[in-house]
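The values are calculated or read from the model by the stated rules, or taken from the named source; none is laboratory data. Quick caveat, the model's predicted, so the values are computed rather than measured. Every residue, glycine among them, receives a Cβ derived from its backbone with ideal geometry; neighbour counts consider all protein chains shown.
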Amino acid sequence: MARWDRGGMGMNWRQTSSRSKGTPVMQQEEGHSRPLVAMSESISQGTRINKYLSEVGHCSRRAADALIEEGRITINGVVPKMGTRVQLGDVVAVDGVEVATSDQERIIIAYHKPVGIVCTTDRRREKDNIIDAIDFPTRIYPIGRLDKMSEGLIFLTNDGDIVNDILRARFGHEKEYHVTVNAPVTGEFLKKMSEGVPILDTVTLPCEVNATGPQSFKIILKQGLNRQIRRMCEELGYRVRRLKRVRIMNVELGDLPVGTYRHLDDPELRKLKALTREAKN
């Protein structure tokens, strides 16, 4: 079993095999996460079911709302309505499986998603799902999406609160991408991309775009419309040949190999949380 030492960080990583693709997975032996708050205090007055599932690390509030609408959640055997509160001693289950409320560490990892992996937790319907690909030992779920034919950085976590903070578009968090297209990148193309392109019944926000080669560029977005970069390029007569996300906020993909993950280190976590706090103010 191979081992790596991440230079300068003092952290050892263990390589394991991924079930779906046979790619190596890096697993940190010493985490930098913090314990969940005691649930008994937060639910003593009753906690909305979506917030409860977020706090115990089962899923984000948005995902919980979808589960409620689909009737997949029960509280003491009864399917709840939106806004139902969980009381101390209640038994919450998803798809008939009781949701664990034991103390656990909050986890957030950076994963280099390969092309062909789908950012869904639905393991029954999608064989190339991100959960099986990463094969993490505890329950985590992706923060946001990266389309199937794209690669690069994506976060996975069991911390529903940070999911909401990162995903809310109004906070304007930066995401950086490196893109290769099928035709020469011109000044006119860069200008139009940076000023905004009409897609999906709206116009994209102004953004930073710079050429990095004859047919490649980097782009920094502060919004996340569905397949935004691909749609922007198509609107201007280009096709994306390769799309790679290299940064989310302050966290960079760096030289993390495709199909592997790492835990965010303490400085990264502190900065990430500081950025989310600043965005709220």
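What to note about this one:
- Restricted to segment 91-105, and to residues there that are assigned to a loop (DSSP other than H, G, I, E, B) and in contact with a helix residue (DSSP H, G or I) (Cβ under 8 Å, 6 or more places away or on another chain), the residue that is modelled with the lowest pLDDT is T101.
- Within segment 114-157, the set of residues being under 18 Å from V56 (Cα atoms), part of a loop (DSSP other than H, G, I, E, B) and not β-branched (V, I, T) comprises F136, P137, R139.
- Segments classed as helices (runs of 4 or more DSSP H), wholly inside segment 175-281, with at least 1 members that are farther than 30 Å from T157 by Cβ: 187-195, 228-235
- Of all positions in segment 68-75, none carries a residue that is within 13 Å of G160 (Cα to Cα), in a helix (DSSP H, G or I) and out of contact with any Ser or Thr (no Cβ under 7 Å at 6 or more places or on another chain).
- Hey, T212 of a type in the set (S, T, Y) and within 21 Å of G144 (Cβ to Cβ) or not: no
- In the set E188, E235, only one residue is among the charged types (D, E, K, R) and in contact with a Pro (Cβ under 7 Å, 6 or more places away or on another chain); that residue is E235.
- Of everything in segment 158-171 that is among the acidic types (D, E) and part of a helix (DSSP H, G or I), the residue that is surrounded by the fewest Cβ atoms within 10 Å (Cβ to Cβ) is D161.
- The listed residues are L146, L88, and the only one of them that is in contact with a Cys (Cβ under 8 Å, 6 or more places away or on another chain) and touching a residue at least 24 places away in the same chain (Cβ under 8 Å) turns out to be L146.
- N129 vs. criteria buried (at least 16 other Cβ atoms within 10 Å of the Cβ), among the polar types (S, T, N, Q) and over 30 Å from F217 (Cα atoms): no
- Being within 21 Å of the chain's Cα centre (by Cα), surrounded by 15 or more Cβ atoms within 10 Å (Cβ to Cβ) and either among the basic types (K, R) or within 28 Å of D132 (Cα to Cα) (or both) is true of T260.
- Residue within segment 126-149 that is of a type in the set (G, A, S) and more than 21 Å from K244 (Cα to Cα) present: no
- Among residues of segment 172-191 being within 29 Å of L275 (Cα to Cα) and free of Cβ contacts under 8 Å to residues at least 60 places away in the same chain, the one that is surrounded by the most Cβ atoms within 10 Å (Cβ to Cβ) is L190.
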